[in-house]
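The values are calculated or read from the model by the stated rules, or taken from the named source; none is laboratory data. Worth saying up front: this structure is predicted, and the values here are computed from it rather than measured. Here the Cβ positions follow ideal geometry from the backbone for every residue, glycine too, while neighbour counts run over all protein chains shown.
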Amino acid sequence: MRITAMMAMLGAMAAAPMAAQSPRLSIITQASYAFDKEAFGIGGGLGFPIQESKVGDGIRGQATFDWFIIDNVVSGPLATRPTYWEFNVNGAYELPKTHGVYVGTGLNYVNYTLDGSQVTNAGGTELGVNLIGGLKFGRGRGAPFAQARYEVGGGKQLVITGGVEF
């Protein structure tokens, strides 16, 4: 009986620090607006710690995918609707004593195509650099966020994003 009680007590003591730690891997759901493409997007991804901090979230990574809905239909004999999507990998550092303000940088990979088009160079893929800044409203799971991402190269545009990190 004593051994069982000691094992339960040791298990509870070992689990307590783990429960107090910040979430490790998180799921991101988001909606975006790309200004140059004039398109709304939906997406998701993963958040992960890069370097923990005693104040704030430290440095966190984000890997996200966004699919943008473009209303512009290319007219003509081969009318088509363009498709546009992005894959982004960013590192974000929460500034100390700012209650959720973060800045960061990362890479973006964009794809733009005109399905069914026989025009050469109609679309393509590019790699670029992201400059990001945002605000996380609260801590832990279910915290909403707002973020601005300026794409230098790649998409070459400003993208505003809002979402929830679970």
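General observations
- From G155, G100, G163, residue being surrounded by 13 or more Cβ atoms within 10 Å (Cβ to Cβ), under 28 Å from S53 (Cβ atoms) and modelled with pLDDT under 95: G100
- Looking only at region 27-57, and only at residues there that are of a type in the set (S, T, Y) and at pLDDT 95 or above, the one that is surrounded by the most Cβ atoms within 10 Å (Cβ to Cβ): S32
This table checks each residue for (1) surrounded by 14 or more Cβ atoms within 10 Å (Cβ to Cβ); (2) part of a strand (DSSP E or B); (3) modelled with pLDDT of 95 or more; (4) under 15 Å from the mean Cα position of the chain (by Cα).
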{"position": "G76", "(1), (2), (3), (4)": "no, no, no, no"}
{"position": "Y84", "(1), (2), (3), (4)": "yes, yes, no, no"}
{"position": "V89", "(1), (2), (3), (4)": "yes, yes, yes, yes"}
{"position": "N121", "(1), (2), (3), (4)": "no, no, no, no"}
{"position": "Q147", "(1), (2), (3), (4)": "yes, yes, yes, yes"}
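- A143, sole failed condition from (1) buried (at least 16 other Cβ atoms within 10 Å of the Cβ); (2) of a type in the set (A, V, I, L, M, F, W, C); (3) modelled with pLDDT under 90: (3)
- Every residue from region 103-119 that is modelled with pLDDT under 80 and either loosely packed, with under 15 Cβ neighbours inside 10 Å or assigned to a strand (DSSP E or B) (or both): L114, D115, G116, Q118, V119
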